[in-house]
Amino acid sequence: MKKQEKGLKNQFDPEDMIEKMIEIIPADHHKFRIVHPGKTKKLMKKNEKERWDMEI
């Protein structure tokens, strides 16, 4: 448990995500996939591409 607790220290502030959800959820139109914070978008796209190209 103590080891896992250390991993929580680098989490993003949930308030930032809550504010983004309040902005997006009631919107009539938005993108299908929304990544927040934006700096994670590049990493997610890289991981997705690797999985699409992956062979077993």
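Residues of segment 29-49 that are open to solvent by 80 Å² or more (accessible area, probe 1.4 Å) and of a type in the set (A, V, I, L, M): LEU43 alone. Among residues of segment 4-29 that are free of Cβ contacts under 8 Å to residues at least 12 places away in the same chain, those with a Cβ under 7 angstrom from a residue that is assigned to a loop (DSSP other than H, G, I, E, B), sequence gap 6+ or separate chain, pair up as ILE24/HIS30; ILE24/ILE34. Restricting attention to segment 1-28 and to residues that are at pLDDT 85 or above and open to solvent by 100 Å² or more (accessible area, probe 1.4 Å), the residue that is farthest from the chain's Cα centre (by Cα) turns out to be ASP28.
Yes or no, residue by residue, for (1) among the polar types (S, T, N, Q); (2) part of a helix (DSSP H, G or I):
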| residue | (1), (2) |
| --- | --- |
| LYS9 | no, yes |
| ASP16 | no, yes |
| ILE22 | no, yes |
| HIS29 | no, no |
| HIS36 | no, no |
| THR40 | yes, yes |
| LYS46 | no, yes |
| GLU50 | no, yes |
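The values are calculated or read from the model by the stated rules, or taken from the named source; none is laboratory data. Please read these numbers as outputs of a predicted model, since none were measured by experiment. Quick reminder, even Gly has a Cβ in these numbers, built from the backbone with ideal geometry, and neighbours come from all protein chains shown. Ligands, DNA and RNA are excluded from the accessible area calculation, which covers all protein heavy atoms including side chains. Shrake-Rupley method; radii C 1.70, N 1.55, O 1.52, S 1.80 Å.
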